[in-house]
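Undergrad: Let me begin by handing over the structure; questions about it come next.
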Amino acid sequence: MEGCVFLNRGELEANMRFLPIWDGTYEVPDVIGFADYLSYREDFCREILRRAQVGVTGSMSEFPYPNTPGKVRWMALLDPGDLLLYRAAVGPIAEVMDCKLGSEVHSSRLAHHPPAWRLRKPKRPWKAFQQESLRYINEKATRAMLQTDLERYFQLIDHDELLFFLLRCGCHEAPVGLIAKMLAGWRRRNGLRGLPIGPEPSSLLGNVFLLPVDDRCRTQGITHLRWMDDMRLFGPAEAVCGQFVPMLDTQFGQQRLRRNVEKTYISSGAEAEARIQSDTLASLGVVISVNRSEGVERARALFDEEVRGRPDAHPGTFRFVVGVFRIENDPYAARALLENPEVLNIDPRVGSEYIASTALHDDQVVEMLFETLEESASERSDARRMHLIRTASSRSWGTAEGNVLMSIALNVSEQSPVRAWAVTAARGTPEWNQQEIEGLALTETDRMTARAATATLRTAPDRSSVSRFARKLERSRPGLRFTARWAEARA
């Protein structure tokens, strides 16, 4: 593959160390944080380079993750080798494109340059995005705001439009060609539309693809700020902001994108401030910094008023209040979240990690948690069940809980990440049986579940039997050899 001559093993290894960092915040985390591949990174990177030379991409699937109430995003689950190769291929593109973005773009900016590139952590850039927005609407020339985003942005990015745009911007043909081959492989084999949602390389590509929008705003003298496809354009009056809409629609149309009409707002004054930032959260943060006990009481009141029983609660409010409870080790909201699991869908990872850190000593919470795990699988429940199973994996359980977990792990109608985490959590129960797990590792057609089963063998009591099985698994399923070696080394 001509597109791989710019890569070497060292560059792949440099990128590997960032995979577990990204995984630490990803909506669908790996069961062992890619520890098996990291432990044998040299051999793994050699294999990925060989795969790239012949143009072979691995499998890709998608996992439903709740977005707004009633809707889901389909998060990409890439083969670990593809994830690494995708990241390495985007590095040279990031080097060229990041410097073309102006200071008005706060999302997905480089913190470290290639080959071991890394994006800035989002907390400070997001705060700057919010503060600059508030500053603009308090100035006479920019007191009104047009706020909009794009409809199904990542899914509607046209591959050819993106690739030709990158070449026109001066990106080298080699990395662009490699990305083209990867996208084509996922499109052909897995029906991918647009960019895979979730991986950092997609965030970077999606961010730079909107550079023409930034350029058009600057050319027309329009003050604007952007966080990915969340755009805020400012003017002296609401009527002036309304005149920006046709310009945006023209630019979006040229890129085969569509403005989200339902999320397009024009406002000014107090209404604009409210759309930007919650005064309640800002004041609560000050109270907590001065008086922690009073701050927790106010957080409880805010939870009761704006989150309890409300699946449509603002995600920022949910994360802030649950974060306060977690920091203060306060289990106040745990039962409420499990009583109405749709509220947990506001952010399944944040909510479940809060329950894991504060409330697993509560027998009623445990009972409610496992009752939630037994609910029927669906696009709306899969993510919260997966994260609650992750919660369960943090400690040991008895036979009843082990039965629930193993029944999920063996249920072929469940989503792959749900099954993989169920196998992982079952490791701490009497229902985990080495012979059954070895059979699952050998015969399970779902690779993610088979790999998770293999990883649990590290806790098997008989190290010699694990070693014998690892040799057998390497012969029969070479794709699991790194996991088998990793489990054997830790048995």
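The values are calculated or read from the model by the stated rules, or taken from the named source; none is laboratory data. Not measured: the values here are computed from a predicted model. Glycine gets a Cβ as well: all are built from the backbone with ideal geometry, and neighbour counts include every protein chain shown. Please note that ligands, DNA and RNA were not included when accessible areas were found on the heavy atoms of the full protein model with its side chains. Shrake-Rupley method; radii C 1.70, N 1.55, O 1.52, S 1.80 Å.
Undergrad: Determine whether Ser133 is part of a loop (DSSP other than H, G, I, E, B) and within 24 Å of Glu262 (Cα to Cα).
TA: When the stated conditions are applied, Ser133 does not pass them.
Undergrad: Out of the residues in region 28-55 that are out of contact with any Pro (no Cβ under 8 Å at 6 or more places or on another chain) and farther than 20 Å from Trp486 by Cα, state the one that is least open to solvent (accessible area, probe 1.4 Å).
TA: Residue satisfying both the conditions and the ranking: Ala52.
Undergrad: Cβ-Cβ below 9 Å, separation at least six or inter-chain, first residue in region 243-265 and within 21 Å of Gly194 (Cβ to Cβ), second open to solvent by 100 Å² or more (accessible area, probe 1.4 Å): which pairs?
TA: If the second residue must be open to solvent by 100 Å² or more (accessible area, probe 1.4 Å), the pairs left are Asp249/Arg258; Phe252/Arg258; Arg258/Arg152; Asn260/Arg152.
Undergrad: Do we find that Ile21 is among the β-branched types (Val, Ile, Thr), out of contact with any Cys (no Cβ under 6 Å at 6 or more places or on another chain) and open to solvent by less than 10 Å² (accessible area, probe 1.4 Å) in this structure?
TA: No: the conditions fail for Ile21.
Undergrad: For region 99-129: of the residues being aliphatic (A, V, I, L, M) and outside any helix (DSSP H, G or I), which is nearest to Leu163 (Cα to Cα)?
TA: Across region 99-129, the extreme among qualifying residues is Leu101.
Undergrad: Sticking with this one: Name, by its number, the condition in (1) closer than 30 Å to Val54 by Cβ; (2) among the charged types (D, E, K, R); (3) without any contact (Cβ under 8 Å) to a residue 12 or more places away in the chain that does not hold for Glu200.
TA: (3)
Undergrad: Among the residues of region 433-458, write down those that are assigned to a helix (DSSP H, G or I) and open to solvent by 60 Å² or more (accessible area, probe 1.4 Å).
TA: Selection gives Gln435, Glu436, Thr443, Arg447, Met448.
Undergrad: Could you look through region 367-403, keep only residues that are among the hydrophobic types (A, V, I, L, M, F, W, C) and open to solvent by less than 20 Å² (accessible area, probe 1.4 Å), and pick out the one that is nearest to Glu62 (Cα to Cα)?
TA: The extreme case among them is Ala383.
Undergrad: Conditions first: (1) under 27 Å from Asp249 (Cβ atoms); (2) modelled with pLDDT of 95 or more. Gly70 passes all but one, so which condition is the exception?
TA: The number of the failed condition is (2).
Undergrad: Residues that are closer than 18 Å to His172 by Cα and more than 19 Å from the chain's Cα centre (by Cα): which helices (runs of 4 or more DSSP H) entirely in region 1-98 hold 1 or more of them?
TA: 9-16, 41-53, 80-97
Undergrad: Right, here's the next one. Give all pairs with beta carbons closer than 6 Å in which a residue from region 479-490 that is open to solvent by less than 50 Å² (accessible area, probe 1.4 Å) meets a residue that is of a type in the set (Gly, Ala, Ser); count only pairs at least 6 apart in sequence or on separate chains.
TA: Thr483/Ala455; Ala484/Ala470; Trp486/Ser39; Ala487/Ala455; Glu488/Ser467; Glu488/Ala470
Undergrad: Continuing with this model, one more query. Being part of a helix (DSSP H, G or I), within 27 Å of Lys140 (Cβ to Cβ) and acidic (Asp, Glu) is the filter here; which residues of region 202-258 pass it?
TA: Across region 202-258, the qualifying residues are Asp214, Asp215, Glu238.
Undergrad: Looking at region 404-425, which of its residues are small (Gly, Ala, Ser) and open to solvent by 20 Å² or more (accessible area, probe 1.4 Å)?
TA: Ser407, Ser413, Ser416
Undergrad: Let me ask something else. How many residues does region 151-168 contain that are open to solvent by less than 30 Å² (accessible area, probe 1.4 Å) and part of a loop (DSSP other than H, G, I, E, B)?
TA: Of the residues in region 151-168, 1 are open to solvent by less than 30 Å² (accessible area, probe 1.4 Å) and part of a loop (DSSP other than H, G, I, E, B).
Undergrad: Search region 93-111 for residues being free of Cβ contacts under 8 Å to residues at least 60 places away in the same chain and among the small types (Gly, Ala, Ser), and hand back the single one that is least open to solvent (accessible area, probe 1.4 Å).
TA: Across region 93-111, the extreme among qualifying residues is Ala111.
Undergrad: Select the helices (runs of 4 or more DSSP H) contained entirely in region 357-413, then report the ones holding at least 2 residues which are farther than 22 Å from Pro29 by Cα.
TA: Correct list: 363-373, 399-409.
Undergrad: Of (1) out of contact with any Lys or Arg (no Cβ under 6 Å at 6 or more places or on another chain); (2) crowded, with 17+ Cβ neighbours inside 10 Å; (3) farther than 18 Å from Ala450 by Cβ; (4) modelled with pLDDT under 95, Glu62 satisfies all except one. Which?
TA: (4)
Undergrad: Take the residues in region 170-201 that are open to solvent by 30 Å² or more (accessible area, probe 1.4 Å) and part of a loop (DSSP other than H, G, I, E, B), then tell me which one is farthest from Arg87 (Cα to Cα).
TA: Within region 170-201, the match that is farthest from Arg87 (Cα to Cα) is Gly191.
Undergrad: Next question, about the same structure. What's the number of the only condition in (1) of a type outside the set (D, E, K, R); (2) more than 27 Å from Glu27 (Cβ to Cβ); (3) assigned to a helix (DSSP H, G or I); (4) modelled with pLDDT of 95 or more that Ser465 fails to meet?
TA: For Ser465, the exception is condition (4).
Undergrad: Contact list please: Cβ distance under 7 Å, first residue in region 354-376 and closer than 20 Å to Glu414 by Cβ, second residue of a type in the set (Asp, Glu) and open to solvent by 10 Å² or more (accessible area, probe 1.4 Å), pairs at least six apart or on different chains.
TA: Every condition considered, the pairs that remain are Phe370/Glu401.
Undergrad: For region 299-320, enumerate the residues that are surrounded by 15 or more Cβ atoms within 10 Å (Cβ to Cβ) and either over 21 Å from the mean Cα position of the chain (by Cα) or of a type in the set (Ser, Thr, Tyr) (or both).
TA: Answer for region 299-320, where residues must be surrounded by 15 or more Cβ atoms within 10 Å (Cβ to Cβ) and either over 21 Å from the mean Cα position of the chain (by Cα) or of a type in the set (Ser, Thr, Tyr) (or both): Ala299, Arg300, Leu302, Phe303, Glu306, Val307, Arg308, Arg310, Thr317.
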